[in-house]
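Working notes, beginning with the structure itself.
The values are calculated or read from the model by the stated rules, or taken from the named source; none is laboratory data. Keep in mind it's a predicted model, so treat the numbers as computed, not measured. Cβ atoms come from the backbone with ideal geometry, glycine included; neighbour counts cover every protein chain shown. Accessible surface areas use protein heavy atoms only, side chains included; no ligands, DNA or RNA. Shrake-Rupley method; radii C 1.70, N 1.55, O 1.52, S 1.80 Å.
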Amino acid sequence: MSRADIAAVITAHNEGDLAKVSMRSLQEAVAQARAAGLTVEVLAVLDNPDDETVAAFEDVPAGVRVERVSFADQGHVRNHAVSVTDSDYLAFLDGDDLWTENWLVDAFDVCGRDPGRVIAHPEVNWFFGHQHNLYFLADQDDPEFDPAFARIANPWDALCMAPRSAHADHPYADRAVADGYAYEDWHWNLETLVAGYRHLVAPQTIHFKRRRKKSQFMAARDAWVITRPSELLTYRWWSERDGRDDSSA
């Protein structure tokens, strides 16, 4: 059996009934992708789920695989999803967020510009809930894009479409807030940038992202943690990139 084009993966833990709405959003995007001739496998990974979240996934459509794990770590959940799916590309959705219906089709088209080397992101992250704002994501092919921005802030997040190799060769690092490290998606973006993957935007796509007071992102921010070390954060990487002689540094 040939490998599927896309694995559409939803991850959840304590979203309860909100996960039903996210699952419906995923299914609508999957239906549009299949109508366009793409093959899509669907996986739901529940990480230490509460009872309401388990119940939300009891009546999923036929063909949707549901797995339960106990990592308490979003990065490890995504790594697990990579290991148990068989597709050329993976697209992740959090259990209380939403995709526009065209996301899978248009992101796959963007990835096709340089097969196996492009990571697609939505044009806009629309935050709602505890926070209300729009964030327009950077396109690496934009002449005004400067990778130096990634040294001080995360230009993208984990809800992207990426080739399997990007995940297999660069698994998400451990989340270790007690040790001062988090933002594993930021670290993954740094590592894939260094490895030569191109982070591009799929025009006219939106991810609707719920902000909660007690989200892992908010907990990391409040703890004043940082991302793990990366080559892109070193002086040597920038010297080699720009052709400078850093032998005296």
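Restricting attention to the range 116-131, the residues being under 23 Å from ALA12 (Cβ atoms) and either surrounded by fewer than 16 Cβ atoms within 10 Å (Cβ to Cβ) or among the aromatic types (Phe, Trp, Tyr) (or both) number 6. Once the range 193-209 is narrowed to residues that are touching a His at 6+ places or on another chain (Cβ under 8 Å) and at pLDDT below 95, the residue that is most open to solvent (accessible area, probe 1.4 Å) is ALA195. Which count do you get for residues in the range 173-192 that are modelled with pLDDT of 85 or more and at positive phi? Total satisfying the criteria: 0.
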